Each structure stands twice: as structure tokens, then as C-alpha cells.
Amino acid sequence: MSSMSDIAAPAQPLDTFEEQAAPATRVRGYWQSVFYRLRHDPVTLAFGVIVLLIVLAAICAPLIAPFDPYKESIVGRLKPLGWHDHLLGTDELGRDMLSRLIYGGRVSLLMGVVPVLIASFIGGLLGVLGGFVGGRLNTAIMRTMDVFYAFPSVLLAVAIAGAMGGGIGNGMVALTLVFIPPMCRVAETATTQVRALDFIEAARASGAGTLTIIRYHVLGNVLGPVFIYASSLVSVSILLASGLSFLGLGVRPPMPDWGLMLSTLRQSIYVVPFVCALPGLAIFVTSICCNLVSDGLRAAMDVRM
Amino acid sequence: MTFYILRRILYAMPIAFGVSVVCFSLVYIAPGDPLQTVMPPDATAETIEIVKHAYGFDKPIPMQFLIWLERVLTGDFGMSISTRRPVFLEVTEALANTSLLALFAVPIAFFTGYVMGVVAGCFPGRWIDRLVTGAAVMGVSLPNYWLGIVLVIFFAVEYMLLPATGMGPNGSTGFHILEWSSARFLVLPVVTLAMIPIGILARTTRAAVAEVRNQDFVQTLRAKGLSEWAVTRHVLKNSLPQVMAVMGLQFGYLLGGSILVETVFTWPGSGFLLSKAIINRDVPVLQGTILTLSLVFVATNLVVDLLQSLIDPRIRRA
């Protein structure tokens with residue numbers, strides 16, 4: 001049966017790494033070969049550097065932002081690019097756009113990463129549990145997840161955040177709930193496949209307990225797909241979080257956030273059109289870089305989804 | 001085949017039931033009393049009791065759910081708090097407007113995305129593949145609300161070619177699809193809505209086509225002397241089920257994504273209704289819209305699954 005969500009759903013997971021043809025001479029370890037492939041992938045490296053720069057800029061915002069992002073100016077409202085010292089113009093309250101964009105990255109990135117981390121943990125746990133134990137427990141977990149799969153992801157996020165009343169915390173809760181089902185499915189599929197392999201049986205025969213088997217033999221094979229899938233969700237999360245803020249369901253003013261800035265500046269497109277498009281450009285660039293890095297990582301780690 | 005259809009429909013039932021449970025509980029995850037928004041702040045305890053009884057909030061929650069479900073099944077979604085109109089009317093009117101957008105966006109997105117993916121998949125590694133793959137990544141990473149704003153900036157603000165918002169000229173009566181004065185309001189929202197599905201579909205189709213091309217039977221086809229064109233036909237047919245699954249999901253994306261796009265273009269569809277309901281804290285409308293859209297999504301997935309099994313008999317046996 002096909003998956004029921006619009007978040008790119010993983011159908012068939014991993015080729016097990018062990019199956020790769022062994023090179024005749026020098027044998028590289030798995031991680032060694034991953035890093036070797038990454039080192040020789042200039043595109044992924046370049047976009048990785050950009051992501052790193054964006055993260056650094058957000059962290060060091062107080063050091064590099066030219067102005068106070070909250071300082072309003074009545075005479076300096078809605079000025080175009082390059083007006084006086086304001087390189088990227090000013091917003092509807094006369095606040096410096098560049099500074100607000102730099103500060104805005106903090107919340108936007110936070111809302112992109114935190115829900116994915118929490119969802120990977122909870123979803124991964126549920127998936128491994130269901131996949132390893134199997135039977136009724138697995139059916140119960142996966143059928144519950146199917147219900148959440150039946151909502152388009154944007155809709156589910158908006159519904160939960162909307163009912164809870166918005167705000168950063170509620171937005172993160174909503175996004176986490178949206179990401180748990182697909183995450184759970186990735187972990188479950190990977191676990192079910194690994195569980196049937198002979199080396200699990202061998203481990204059990206040699207006296208390994210269930211926890212040891214899960215820790216050393218299952219997790220080792222499940223973490224790869226989970227990590228890769230999580231990395232591809234970061235960009236989705238950034239887009240969704242900004243979308244929530246855009247609808248007034250995420251970050252509240254006056255806090256700078258890309259989605260919120262886009263929403264408040266929307267009324268001014270007839271005054272300073274290009275300034276109004278900037279926050280969206282920030283979302284777009286961040287999201288595209290995250291996507292490309294995730295693609296590169298997937299290729300390097302040789303995980304098929 | 002009949003058995004498969006029946007089984008698949010039976011399988012959709014508990015999902016639809018679960019969806020309605022989630023929608024029902026939306027009222028209860030809302031902070032504060034569900035009646036807070038309708039009651040004046042100085043209402044006496046006695047009045048509150050009466051209203052609670054009238055709305056059935058004094059009954060145990062499972063009872064409330066059954067009563068609610070019964071009403072929903074008969075098409076009674078309650079009253080909108082902000083407009084005092086039946087939610088059912090509001091939702092169906094809005095859904096008709098969203099369908100109008102989807103009617104154009106879906107074929108455009110599916111056709112463009114599919115063609116792009118097929119072309120890229122047939123020439124892996126060539127410049128056209130790189131071009132399509134690059135464009136697809138951009139499409140996937142685009143915040144569509146931002147794309148909408150950028151399109152408005154170019155086509156409505158700078159060059160004044162197309163209207164920025166709304167669904168028809170001022171004072172117009174109804175929407176006439178055949179008149180350019182009405183139809184031009186469709187252009188920007190449809191393009192915006194179609195962009196992300198194009199990217200996702202191009203990516204999936206490319207992957208599916210490239211994968212099928214690597215299978216052994218393709219080599220056999222070539223070996224027995226089929227023309228490249230005939231081989232491609234076989235490849236396309238075999239990659240179709242995978243592509244169709246994604247198309248079904250993307251239909252859901254269009255429904256969900258419409259909330260942001262319709263907000264940007266103040267298009268009076270279900271997404272715009274939803275964002276209005278959020279601003280007004282109008283929980284019945286929120287509930288009704290989300291329930292309707294999700295059920296449409298469940299039904300679409302059902303249809304896609306059945307279509308897939310029609311094309312690929314292997315699915316039926318699984």
C-alpha cells in the first residue's frame with residue numbers, strides 16, 4: 001500500500017552496506033569511504049560551507065549585525081536597498097533589514113532543527129520498537145501513524161498549531177507531530193529488514209541479550225537511514241516553520257523571523273518591492289542548501305530510500 | 001480485482017475514522033474552555049451551565065464524539081463563530097474555489113513534472129538531466145508563499161500585467177472562466193501552486209525512469225532488437241506506478257499548500273478560509289475545513305491505489 005503523506009515517503013530502504021563488492025587491495029572502513037566520497041564531492045562541500053556560514057551568522061548575530069534589530073525609526077520606514085547605512089533597506093517600522101535577517105535566522109534555524117531532532121528520537125524509538133517486536137504492537141503503532149499520514153503535512157501542522165494558538169513552542173510541537181510518522185516508518189522498515197537477517201540470529205545464538213542486539217546490530221543499520229531522512233526533513237521543517245509564522249501561527253512580533261517578516265512586509269510590496277522579497281530569499285537559500293547537502297550525504301553514505 | 005477493491009476500501013474506513021477523531025480532538029487541544037470564544041466574559045455561572053448543556057459539553061467526551069460524528073455524517077458541521085453561517089456552506093463554497101485552482105494547477109504540474117522527469121531520466125548525466133535536476137531541487141526548496149509574492153512583485157507591481165489578489169474585478173458578479181477579465185485572476189495562483197509539485201514530480205519520475213532503465217529486462221528488449229522508442233515505452237509503463245503514487249501524494253500537497261498560496265493571493269478557497277478561521281479563532285470552521293480536506297486526501301489516495309493496481313497487477317497480489 002502506498003504511503004499516505006506528501007512528505008517524500010521512503011519506500012524501500014537500504015542496501016546493506018556489507019553487500020558492497022570488496023575492493024581487491026586496500027579495504028576502507030565504512031566511515032572512511034563515506035568521508036572519502038564526501039571529500040571528492042565539491043558541490044556538497046560548497047553548499048555545506050554555505051549552511052555552516054548561515055548557522056554561524058545566526059549564532060554570532062550580535063557580533064555581526066550592523067544595527068539593533070529592534071530599533072525603530074519613524075523617518076526611516078520602508079527605505080529601499082542601500083539607503084544610508086542600511087545595506088538592505090528598512091522595514092515597515094524603520095528597522096534595519098540586514099540585522100533583522102541575521103537575527104531572524106536564529107529562530108528559523110531553531111525551528112528547522114529542533115522538531116526534526118525530537119521527531120527523529122521519538123519516531124525512531126517507536127519504529128525500532130515496533131519493527132523489532134513486531135506482531136500486534138507493530139500493527140498498533142503503524143496503524144496509528146497511518147492516521148496522521150492521512151493529513152497533508154502543511155494541513156496537519158496548521159491544524160495543530162492553529163488549535164493550540166500559535167507561538168514558537170506550539171509551532172515546534174506541531175512540526176514534531178508532523179514528522180514523527182514518516183520518521184517512524186523509516187525506522188520501522190529498516191528494523192524489519194535487519195531483523196530478518198542471519199547475523200541477528202547468530203548474535204542471539206551466541207547468547208546476546210535483546211538490548212545488546214538492538215544496540216549493536218539493529219541501531220547500527222537503522223541510524224543511517226534515520227539520519228539521512230532527518231537531514232532531508234530539515235529543509236522541509238524550515239519551510240513549514242516559516243509558513244506557520246507567515247500565517248501568524250509561529251513566531252510573534254516583534255521578534256525577527258523570516259516567515260513573519262515576509263508576512264508583515266507583504267503589505268508594502270507596492271512601496272519597496274525588492275526589500276519585501278528578501279526574507280523569502282533567505283528561506284529559499286537556506287532550504288536549497290540544506291536539501292543539496294542532504295542529497296550529497298545520502299549519496300556519500302550510500303543509503304537508498 | 002473486486003476483492004482487492006473491497007479490501008482497499010475497508011482499509012480506508014479506519015483511517016477516515018482516525019482522521020475524524022483527530023479533527024474532533026482539535027477543539028480540546030485548544031487552550032482554555034471551548035466555549036470561551038462564544039461566551040461574554042461577564043457571563044454568570046448559570047448561563048455558562050445552560051450554554052454548556054445546549055452545546056452538549058456537559059456530556060462525557062466519548063459521547064460528545066459520537067454526537068459530533070453523527071452530526072458530521074449528516075452534513076452538519078456546526079455554525080461558524082465569526083460569520084454565524086453553517087460551516088458546511090462555508091466549507092463547500094470555499095472548496096469549490098480551491099477546486100477551480102486545482103483543476104488547472106494539477107494537470108499543469110503533473111504534465112510538466114512528468115515530462116521533465118522522463119526527459120532527464122532517459123539521458124542520465126547529460127546536460128539536460130543536470131538542468132532538470134537543478135530546477136527540480138529549486139522547485140522542492142521553494143517556499144511557495146514567497147514565490148507568490150515574487151510573482152506579484154514582477155507581474156502585478158512592476159509590469160502591471162496581472163492582478164495581484166482576489167478572484168475577479170471589483171464589483172464583478174461571479175467567476176466567469178471563459179472571460180479573460182475573470183480568468184486572469186487565476187494565472188498567478190495556479191502557477192505558484194503548481195511549482196513545488198513540478199519539482200517533486202520531476203525528481204521522482206527521473207529516479208523511477210533511471211531505475212527501470214537499469215533493470216535487466218530493458219537489456220533484453222534492446223538485445224532482441226527493439227527500437228529505442230519501443231524500449232522507452234516499456235520503461236515508461238513500468239515506472240508509472242511509482243510516479244502515480246507520488247502524484248496522489250502531491251494532490252494532497254496541493255490541498256495543504258493551498259492554505260499559504262490562497263492567503264498570499266486572498267483567493268477565497270478552503271486554504272484562505274482556514275487562515276481566516278485561525279485569525280478569528282473560529283474552531284468549528286477550522287475543524288470542518290481540515291476534516292473535509294483530509295477526507296478528500298484519503299479518498300484521492302484510495303483512487304490512486306486502485307489505479308495503480310489496475311496498471312500493475314503485482315500490487316494486487318501483495
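The values are calculated or read from the model by the stated rules, or taken from the named source; none is laboratory data. Small disclaimer: the values here were computed from a predicted structure and weren't measured. In this analysis, Cβ positions are derived from the backbone assuming ideal geometry, glycine residues included, and neighbour counts consider all displayed protein chains.
Output the residue which, of all residues in the stretch B:17-26 that are out of contact with any Ser or Thr (no Cβ under 6 Å at 6 or more places or on another chain) and buried (at least 17 other Cβ atoms within 10 Å of the Cβ), is farthest from B:ALA277 (Cα to Cα). Going through the qualifying residues, I end up with B:GLY18.
Scanning the stretch B:251-260 finds no residues that are small (Gly, Ala, Ser), in contact (Cβ under 8 Å) with a residue 60 or more places away in the chain, surrounded by 24 or more Cβ atoms within 10 Å (Cβ to Cβ) and more than 10 Å from chain A (Cβ to nearest Cβ). Scanning the stretch A:71-129 for residues that are at pLDDT below 85, more than 16 Å from A:LEU262 (Cβ to Cβ) and of a type in the set (S, T, N, Q) returns A:SER73, A:SER99.
Here the condition is being free of Cβ contacts under 8 Å to residues at least 12 places away in the same chain and surrounded by 12 or more Cβ atoms within 10 Å (Cβ to Cβ); of B:LEU89, B:LEU69, B:LEU73, it holds for B:LEU89 alone. If you go through the stretch B:118-126 one residue at a time, do you hit one that is in a helix (DSSP H, G or I) and among the charged types (D, E, K, R)? No, the conditions are met nowhere in the stretch B:118-126. Taking the numbered list (1) within 27 Å of A:GLY280 (Cα to Cα); (2) at the interface with chain A (Cβ under 7 Å from one of its Cβ atoms) in turn, B:ALA245 passes all entries but (1).
If you go through the stretch B:264-282 and keep only what is of a type outside the set (D, E, K, R) and assigned to a helix (DSSP H, G or I), you end up with B:VAL264, B:SER270, B:GLY271, B:PHE272, B:LEU273, B:LEU274, B:SER275, B:ALA277, B:ILE278, B:ILE279.
Being surrounded by fewer than 21 Cβ atoms within 10 Å (Cβ to Cβ) and either β-branched (Val, Ile, Thr) or farther than 29 Å from A:ALA161 by Cα (or both) holds for only one residue in B:LEU302, B:LEU310, and it is B:LEU310. Got at least one residue in the stretch A:174-186 being in contact with a Lys or Arg (Cβ under 9 Å, 6 or more places away or on another chain), part of a helix (DSSP H, G or I) and either within 14 Å of chain B (Cβ to nearest Cβ) or crowded, with 24+ Cβ neighbours inside 10 Å (or both)? No, there is no match, as no residue in the stretch A:174-186 is in contact with a Lys or Arg (Cβ under 9 Å, 6 or more places away or on another chain), part of a helix (DSSP H, G or I) and either within 14 Å of chain B (Cβ to nearest Cβ) or crowded, with 24+ Cβ neighbours inside 10 Å (or both). Does any residue of the stretch B:58-81 turn out to be within 30 Å of A:PRO279 (Cβ to Cβ), more than 14 Å from every other protein chain (Cβ to nearest Cβ) and within 25 Å of the chain's Cα centre (by Cα)? Within the stretch B:58-81, none of the residues are within 30 Å of A:PRO279 (Cβ to Cβ), more than 14 Å from every other protein chain (Cβ to nearest Cβ) and within 25 Å of the chain's Cα centre (by Cα).
Of the listed requirements (1) at the interface with chain B (Cβ under 9 Å from one of its Cβ atoms); (2) in a helix (DSSP H, G or I), A:LEU249 misses just one: (2). Of all the listed residues (A:VAL27, A:VAL43, A:VAL34), the sole one being more than 30 Å from B:SER294 (Cβ to Cβ) and either within 14 Å of chain B (Cβ to nearest Cβ) or modelled with pLDDT of 85 or more (or both) is A:VAL43.
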